[in-house]
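Some notes on the structure that comes next.
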Amino acid sequence: MNDGRPKGARNERPIAFTTVSDLPIERLYTGKDLGPDWSPAERLGEPGEFPYTRGIHPTMYRGRLWTMRQFAGFGSAEHTNERFHYLLEHGQTGLSTAFDLPTLMGRDSDDALARGEVGREGVAVDTLADMEILFRGIPLDRVSTSMTINAPAAVIFCMYLAVAEKQGIPSAALEGTLQNDILKEYIAQKEWIYPPRPSMRIITDLMAFCSREVPKWNTISISGYHIREAGSTAVQELAFTLADGIAYVQAGIDAGLSVDDFAPRLSFFFNSHNDFFEEIAKLRAARRIWAHVMRDRFGTTSPRSLKLRFHTQTAGCSLTAQQPLNNVARVTVQALAAVLGGTQSLHTDSFDEALALPSEQAVTVALRTQQILAEESGVVNTVDPLGGSYFVEALTDRVEADALAYIRRIDEMGGMIAAIERGFPQKEIADASYHYQRQVDRGEKTIVGVNRYAVEGQGKPEILKIGEDVEQAQLARLAATRAGRDAARWTRALEKLRADAVSGANLIPAMLECVRAYASVQEISQALVPAFGTYQEVSVL
Amino acid sequence: MVGDARKLRLLVGKVGLDGHDRGAKIIARAFRDAGFEVIYTGLHQTPEQVVATAIQEDVDAVSLSILSGAHNYLFPRVIELLRERGGEDIAVFGGGIVPDEDIPGLLATGVKAVFTPGASTESVVEWVRAHIPLRALG
């Protein structure tokens, strides 16, 4: 009997066997799927060696576990400082800071557009006074700190440097990561101030400054995370992120920097979504593509420049508000994929994140999930345990080939900035996200507890609420800081920054002086607008 | 204009600083595919801007997507401004990350419906067909 399906398929369920991103998956993989020329030496290499497919360290997690880094930030600087101390006491090894929307947009808490948003999705930071409280009691030479901030990244980084100065810690001792990835803002996250080209100058200024003054700092975390959350496929996440990386390296070279002076401080940030093998393939392909890009396009042979290091976060967009405890299982699978993909650090989402900011209980379960993977599951005992699997290698090759095809198209458009200006990645993501939503609506893709196995009237867990008092307290502190600062020093500092924006001098020293003078995020950001202009998106539906 | 033949006109708005536009774009496309006319505001609009666009474009309803937690301020503010500016018959509904316990309060301020994560685009389209009438345009 012929039902139109391939031979042998009659014994299979009549569904499409595809990844969450819709890549087709075969029933069985064998050596034939890798092709006659497939060479382990060329495609994989040894762990810690070019092209780093199997990982960037020879010993991987036998040498050092990944950094367990839970993103935290809500309410006032006092609230977040308390959460930081809580996480450090419970075994977390790095800090990760979430800022509120006004801060991400370079606006102060008293700006009209900030109404109702102060301290709601992250911590509110207006001036150095807030940053001093945020890191109170935390010796900055003993933690590594990641800060998720982009358009005003340089301002917030200067505040961190100023806090370290006050603690008496030399900038060379500071370790951490600034997200500072403005290109993905235009593509996906949509928190911008200036147009792309002047924004790139701030970034190259920061790369130049850090290569001299803060050599252990990761200056950009080139982020696929938000691209994926905006609805991209795994391949799009990989391709657009690496194309952003190429744009940053090119910008650094164009600014006169030597590639090996700044490339080792570029790190990446990927999403880990539900489709277990697709995610592992994506992470393995990322390392291989980047190593080839750095060697063949930018001519470096320094292993520190060739190695793609990355942070991973489990997929917030995969979590459901319905039956929220199911999210613990999703996060576990996603975290395991990140580990088998060779991540250097990991954030596991809390099960209540589709409802509100995470509660303390949910954050603890998320951290414990990582500890269980690291210390109970045994997956850390050997390097790249899936290397050589016919399926994993074939899928890695497929994801790599599809991503390279995108990168070629972006090159043909004149690079990522030109592609963004014509709305290319934005449109591709919107198409993919709509396609997936239609599949979910039609039941072709399953979301457990939402379009299958749904139940009515289930209980909801306790959630964290941010009171209105946070906004009031923040406004009061900002007013007090403005009233108490040295007005002459503040004026001089902002004038110097405006002048440097026009002259083309490196902006970071003048910005640091503005911060020391307690100029606010918005005052500093706006000082650059006369020279840089502001960005207006051309919306693509 | 022949009133009977007119298509439903919907404004899809992103209000506040929230940059999460995945849901807004999906719902805008779903409305368009359902045969409605859609005006999408783009990002980072103030309530004043959204209301000005709604009135200028003679829309039948304003749908807001809010994932920032600022819904308790932004929804009532848009309704208040619509009333002040002669758009009191323009319905307001929306969706996003809105805790269940906030929904009765929003409905009491005049929001017609709040869709939360997991709502299918079909269910939203069906609700619009059932609940949003064509306004009599002057």
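Values quoted throughout were computed directly from the atomic coordinates according to the rules given, and no laboratory measurement underlies them. What you are looking at is a predicted structure, and each value in this text was computed from that prediction instead of being measured. With ideal geometry, Cβ positions are generated from the backbone for all residues, glycine too; neighbour counts draw on all protein chains shown.
Couple of notes before you dig in:
- Long-range amide H partners of A:ASN218 with built H, under 5 Å: A:GLY176, A:THR177, A:LEU178
- Cut-off 16 Å (backbone N to label point 7 Å along Cα→Cβ of B:LEU137), residues of region B:52-72: B:53-62
- Computed FRET value (nearest 0.05) for A:VAL538 with A:LEU113, which takes r as the C-beta separation and R₀ as 22 Å: 0.60
- Neighbour-limited loop hits for GluC sites (Glu not before Pro), region B:1-72 (at most 10 other Cβ within 10 Å; DSSP other than H, G, I, E, B): none
- One way to sum up the overall shape of chain A is the equivalent ellipsoid from its Cα gyration tensor, whose semi-axes run 39, 27, 22 Å, largest first.
- Taking every C-alpha pair closer than 8 Å and separated by at least 6 residues, the mean separation divided by the residue count of region B:3-131 gives a relative contact order of 25 percent.
- Separation between Cα centres of region A:217-247 and region A:467-541, rounded to whole Å: 28
- Once exposed loop GluC sites (Glu not before Pro) are cut out (DSSP; at most 14 other Cβ, 10 Å), longest piece of chain A: A:27-375
- Lysine pair count for chain A with Cα-Cα distance under 29 Å and sequence separation of 8 or more or different chains is 24.
- Share antiparallel - DSSP beta bridges, region B:3-131, percent rounded to 5: 0
- Average other protein chain Cβ within 10 Å of Cβ, residues B:98-105: 2
- Among beta bridges that DSSP assigns inside chain A, antiparallel share in %, nearest 5: 5
- Net charge contributed by nearby residues that have their C-beta within less than 10 Å of A:ALA505 (K/R +1, D/E -1): -1
- Summed side-chain charge close to A:LEU95 - residues other than A:LEU95 whose Cβ falls under 10 Å, Lys, Arg +1, Asp, Glu -1: +2
- In sequence order, calculated HN-Hα J values of region A:312-324 (Karplus, 6.51, -1.76, 1.60; Hz; x Gly/Pro): 10, 10, 5, 7, x, 6, 8, 7, 10, 6, 7, 6, x
- Between B:ARG129 and A:ALA41, the modelled labels are 6.5 nm apart [label points 7 Å from Cα along Cα→Cβ].
- Where labels lie 7 Å past Cα in the beta-carbon direction, separation of B:ILE103 and A:LYS32 in nm: 5.3
- Taking Lys and Arg as +1 and Asp and Glu as -1, the other residues whose beta-carbon sits under 13 Å from that of A:LYS184 total -4.
- Between A:ALA255 and A:ARG297, the distance separating the two model label sites (each 7 Å from Cα on the Cα→Cβ line) works out to 1.8 nm.
- Per-residue Cβ neighbour rank within 10 angstrom, fewest leading, B:VAL78, A:VAL118: B:VAL78, A:VAL118
- Residues A:PHE50, A:PHE270, ranked from the fewest to the most other C-beta atoms within 10 Å, line up as A:PHE50, A:PHE270.
- Whole-number percent relative contact order across region A:1-142, with pairs defined as alpha carbons under 8 Å at least 6 apart: 16
- Taking Cα centre as origin and charging only the Cβ of basic (Lys, Arg, +1) and acidic (Asp, Glu, -1) residues, the dipole magnitude of the protein assembly as shown rounds to 1060 debye.
- For A:TYR453 and A:ALA483, the difference between the fully extended length at 0.36 nm per residue and the C-alpha to C-alpha distance is 5.0 nm.
- Dipole of chain B, positive direction: furthest Cα of B:PHE115, B:ILE27, B:ALA61, with charges on the beta-carbon: B:ILE27
- Overall form of region B:3-131 per C-alpha gyration tensor (a/c, 1.5; a/b vs b/c): rounded
- Residue (of A:THR446, A:TYR390, A:ALA366) at the positive-pole extreme of region A:340-480, dipole from beta-carbon charges: A:THR446
- For chain A, the relative contact order works out to 19 percent when only alpha carbon pairs closer than 8 Å and six or more residues apart are counted.
- Phi-derived couplings, Karplus 6.51 cos²θ - 1.76 cosθ + 1.60 at θ = phi - 60°, listed residue by residue for region B:34-49: 7, x, 8, 8, 10, 10, 9, 6, x, 8, 6, 8, 7, x, 4, 5 Hz, with x used for Gly and Pro.
- A convex hull fitted around the alpha carbon atoms of region A:167-321 yields 130 Å³ per residue.
- Note, ³J(HN,Hα) from phi for region A:325-336, Karplus 6.51, -1.76, 1.60, rounded to Hz, x at Gly and Pro: 5, 4, 5, 4, 5, 4, 4, 5, 4, 5, 5, 5
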